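In what follows, a structure is listed as structure tokens, so that the remarks can point back to it.
The values are calculated or read from the model by the stated rules, or taken from the named source; none is laboratory data. Predicted model, so just to flag it, every value in this text is computed and none were measured. Every residue, glycine among them, receives a Cβ derived from its backbone with ideal geometry; neighbour counts consider all protein chains shown. Remember, those area values only see protein heavy atoms, side chains included, never the ligands or the DNA or RNA. Shrake-Rupley method; radii C 1.70, N 1.55, O 1.52, S 1.80 Å.
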Amino acid sequence: EYTVNLSEDERAELESFVSHGKRSAQAITRARILLRADEGVSDPDIADALDCSSMTAHRIRKRYCEDGIA
């Protein structure tokens, strides 16, 4: 399984991204997935909380682990 461990800077960047400015709903959901994953929340629980599929949560977690926050 892919484990998300955000640095303090990454977490701050994502929290700012979610709460400021106009962003696409998709981009905000991705940021929220990473924030929840960093807190140790499972993909099914993330999916329930954010109204997305657990496969989406898994895919975003995997992408972060392979490519970073970009």
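Quick notes on this one:
- Kyte-Doolittle mean at least -1.0, axial Cα span of 18 Å or more - DSSP H helices of the chain: 25-38
- The portion of the accessible surface of the chain made up by carbon and sulfur, rounded to a whole percent, is 44 (1.4 Å probe; DNA, RNA and ligands excluded).
- Once the Cβ-Cβ distance of Ser16 and Cys65 is raised to the sixth power relative to R0 = 22 Å, the FRET efficiency obtained is 0.50.
- Global form of the chain, assessed from the alpha-carbon gyration tensor, a/c cut-off 1.5: oblate
- Electrostatic bookkeeping for Asp67 treats Lys and Arg as +1 and Asp and Glu as -1; over the other residues with beta carbon under 14 Å from its beta carbon, the sum is +3.
- What the chain shows is 66 Å² of accessible area per residue, with the surface traced by a 1.4 Å probe over protein heavy atoms.
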